[in-house]
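*Asks:* Pasting a structure below so you can have a look.
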Amino acid sequence: MKRAFASACTLFLLASCIQQSPLPPDQVLQKATEEMGTLNSAHFNLHATVSGNTQILPANLDGVIDASGDMQNGGNQLSFTVHADLQQASDSTTRFNGQADIVVAGQNDVYMKLDSLTVTPESALLPQALILQLLDQWWHMPSGSGAIVQTDVTPDPNLLRMQTQVITVRKDDGMTSVAGRRSYHYDIGIDPDKLTQYMKEIERRRNSPGQPPDLSSLNAQGQIWIDASTYDVRQLTWNLSSTNPAQPFQATIVVTLTNQNAPVTITPPAGAKPFPVGGLPAAANPVSSSASSGG
């Protein structure tokens, strides 16, 4: 019995030693930053829950967003599917549920195919008859759409690289496994000064005038998993909230990356039509007809 107990203790100690992080966090983060700078392609999955004015979305919305797809050319080209189930924070009776396929062949070369969209109750600005005209057709989106898509929806490698520079390690959780890969696991926080620079870079990429949003009331805590062999970022999770009771919001964002630098081919879809920026033809535009009948 004593021999068995001693053997068990030995195995426990060995296992404990194996699980310890062999490199300090600052070195691991530095290597991850360098590796992210060389990332050319990857498959990504993104899951986000939002509530209130998160400044992630263009309106105060509550709900869930999921995106999954591939990136190449350092994140300048993307092909993914996004599904959103959202409702207006100020009016819980208005709900948007839809799915779209998006291809970004370049910053000014963006295509979208609306697979489904339901607005309840039906909106005068977006009636179901108009939605039906947009469904199941690839549309070539207006110039500049790529910058918005890349910064708002997808994990741009350059921005992920900046995030690794912004974060501070709150706790070293040792080694764990992500998708079968041995990985460093850290609880992380935010460096406020570096975050300001990060947000300025996002605004620059959007070509947005003015100052970036004030994030002095932002509380950000998360976790990061970094591959122990390649130093690729495997998973990144953020829990965001506001410390300002006048502008409450909450958001949880989880990004998972796999197949780093595997061959990917992203090309513009065939048969795409220019998106009708000025509206659909008047004869077929249900907005104009409903507006006239409502007057």
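Values in this text are rule-based calculations from the coordinates and carry no lab data. From a predicted model like this one, the values you see are computed outputs, not experimental measurements. Methodologically, a virtual Cβ is constructed for each residue, glycine included, from the backbone with ideal geometry; neighbour enumeration extends over all protein chains shown.
*Asks:* Compute the signed sum of charges (Lys and Arg +1, Asp and Glu -1) over the other residues within less than 14 Å, Cβ to Cβ, of LEU134.
*Replies:* On the way: positive: LYS113, LYS273; negative: ASP101, ASP115, ASP136.
Value of the local net charge: -1.
*Asks:* Excluding TRP225 itself, calculate the net charge of residues whose Cβ lies under 13 Å from the Cβ of TRP225, where each Lys or Arg counts +1 and each Asp or Glu counts -1. Don't skip to the end; give the middle numbers.
*Replies:* Details: positive: ARG181, ARG182, ARG234; negative: ASP172, ASP173, ASP187, ASP227, ASP232.
Every neighbour counted, the sum reads -2.
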